[in-house]
Amino acid sequence: MTPTVMPTYARAPLSFAKGKGSWLIDDQGQHYLDMGAGIAVNILGHAHPELVSVLNDQAEKLWHTSNLYNVPNQKKLADKLVDATFADTVFFTNSGTESMECAIKMARKYHYDNGMPERIKIIAFEGSFHGRSLGMISAAGSEKLTKGFGPLVPGFVQLPFGNHEALISEIDASTAAILIEPIQGEGGILPVPDQFLKGLRDLCDEHGILLIFDEVQCGVGRTGKLFAHEWAGIEPDIMAIAKGIGGGFPLGACLATEKAATGMTAGTHGSTYGGNPLATAVGIAVMDLVNTPDFLNNINTQASLFRQSLEGLIITHPKIFKSVRGSGLMIGLECVVPNIDVVNAGYDHQILTVPGGANVIRLLPALNISASELQEAIKRLSAVAAKIETSL
Ligand SMILES: *Cc1c(COP(=O)(O)O)cnc(C)c1O
């Protein structure tokens, strides 16, 4: 019989009753160390007291008003995001996909309003992930996402990751924007070299093209800066965020410069729930907690120690692990054995990791995870590896 929950996920036989910090507790009271954080979502851990408190306070006052009226929390959060970034203006959504849809619509509208309606082509990259709407599977283009769902949305091309020559020959009079994740997440934690990002910025400036970053996974402190592109010292024209910004409450945003957003006038775009009072109350608290020098520096300190321990783990278990890559607490541990075997064996040792492309397991813990919890993760991963070794 068909499960009443549509089986679009291959779910692990686990269900959790509550969470605290970097721990999830199942219905039997068993504690799991959460190194996935809901795929880079619960950046302040589970049940963070300040987030719980702002959510409860707002819940008692007001849940929803239409975007026909001002939503004061939206304005507060937009001000914070604008203060902290390249952006001048923000559109709020409920998810990464919706933030990306806004980004693409905005890019096309920008050129349309500038008298160049032929500029519709979005250049994206192989191995990318931008969401599951028809538009965003068309943007990423991989068969794994698109098969059976055609016809796709026209106007997207995908180039090999990091190939500058291919990029130059693809740019023409119909190009509207270049779209890239500064670190590919689902693709297997593949960082784009700073030089390549800088090259993209130059090409976009030279050809009047907009540069769109998808920081849905790598943004909001994940890499030890508020946004991953800051490491490269360049800025996009448009940026999609989600995941971390709500700390576990559904919230996304599309950030843009004033220039890129000129076409987004009243009536051009919308969302019933986008930026609702509950989500934006939490978003404000997340920004206040994450966007401080101390919090961000601590991520870098923790991450470099953890990285060293992971290098050690690879040396001790060369039949299981091969290499480690990433930035800050966005880490891909490349496996020798199938990554899913490591993820599954993790369940038996009460550690949660997330599989990714290129045979990695992703380690995306809460950004306030403690040094001792990170060491506990190493211990458990080591036990996982030892277990798998006995069966090789
Ligand atoms: C998760 C993700 C998305 C899609 O976000 P949803 O909230 O699932 O719609 C888009 N882009 C990237 C890079 C992501 O990691």
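Brief remarks on what is shown
- Qualifying lysines (Cα of each under 18 Å from Cα of Lys61; at least 8 residues distant if same chain): Lys75, Lys76
- Pairwise FRET efficiency - Ser142 versus Ser309, Cβ, R0 = 56 Å, nearest 0.05: 0.95
- Only Lys, Arg, Asp and Glu carry charge here, each on its Cβ (+1 for the first two, -1 for the last two); on that basis the chain has a dipole of about 680 debye about its Cα centre.
- Radius of gyration, Dmax [the chain; alpha carbons; angstrom]: 20.9, 66
- Among His349, His46, a tally of other beta-carbon atoms within 10 Å of each Cβ gives an order, fewest to most, of His349, His46.
- Computed over all pairs of different Cα atoms, the Kirkwood value for the hydrodynamic radius of segment 1-79 is 15.9 Å.
- Distant-in-sequence amide H partners of Phe156 (H built 1.01 Å from N, under 5 Å): Ile122
- Ala253 long-range amide H proximity, modeled H, under 5 Å: Thr93, Ile241, Ala242
- Label-to-label distance, His207 versus Glu60, with points set 7 angstrom from Cα along the beta-carbon direction: 5.6 nm.
- Using a cut-off of 28 Å between Cα atoms, the listed pairs Lys147/Lys387; Lys198/Lys319; Lys18/Lys80; Lys147/Lys243; Lys105/Lys147; Lys18/Lys144 include Lys147/Lys387; Lys198/Lys319; Lys18/Lys80; Lys18/Lys144 as exceeding that distance.
- Label positions at Leu152 and Lys387, each projected 7 Å from the Cα along the C-beta direction, are separated by 3.8 nm.
- In loop segments of segment 69-152 as defined by DSSP, the chymotrypsin sites (Phe, Trp or Tyr not before Pro) with at most 10 further C-beta atoms inside 10 Å of their C-beta are Tyr69.
- Signed unit charges on C-beta, dipole axis of segment 50-290, positive-most listed residue Thr272, Leu210, Cys102: Thr272
- Separation between Cα centres of segment 4-76 and segment 112-131, rounded to whole Å: 33 Å
- Between Gly283, Gly267, Gly188, the residue with the greatest mean-square fluctuation in the GNM of the chain (Cα pairs under 10 Å linked by springs) is Gly267.
- Angle of helix 72-84 to the longest C-alpha principal axis of the chain, folded into 0 to 90 degrees and rounded to 10: 90°.
- Net charge over other residues, Cβ less than 13 angstrom from the Cβ of Ala173 (K, R count +1; D, E count -1): -1
- In degrees, nearest ten, helix 339-348 long axis to first principal axis of the chain (Cα): 50 degrees
- With neighbours defined as other Cβ atoms within 10 Å of a residue's Cβ, the residues Asp83, Asp294 order from fewest to most as Asp294, Asp83.
- Gln30-Val52 FRET efficiency (beta carbon distance; Förster radius 25 Å; 0.05 resolution): 0.65
- For segment 300-315, 3J(HN,Hα) per residue [Karplus equation, 6.51 cos²θ - 1.76 cosθ + 1.60, θ = phi - 60°, Hz, x = Gly/Pro]: 5, 4, 4, 5, 6, 5, 4, 4, 4, 4, 5, 4, x, 4, 5, 5
- Potential extension, Asn300-Asn70 segment - 0.36 nm per residue separation minus Cα distance: 79.0 nm
- Ranked for footprinting exposure by Cβ neighbours inside 10 Å, fewest first, Cys204, Cys102, Cys335 give Cys204, Cys335, Cys102.
We did not get these values from a lab; they are worked out from the coordinates using the rules stated. On a predicted model such as this, the values are computed, not experimentally measured, just so you know. Quick reminder, even Gly has a Cβ in these numbers, built from the backbone with ideal geometry, and neighbours come from all protein chains shown.
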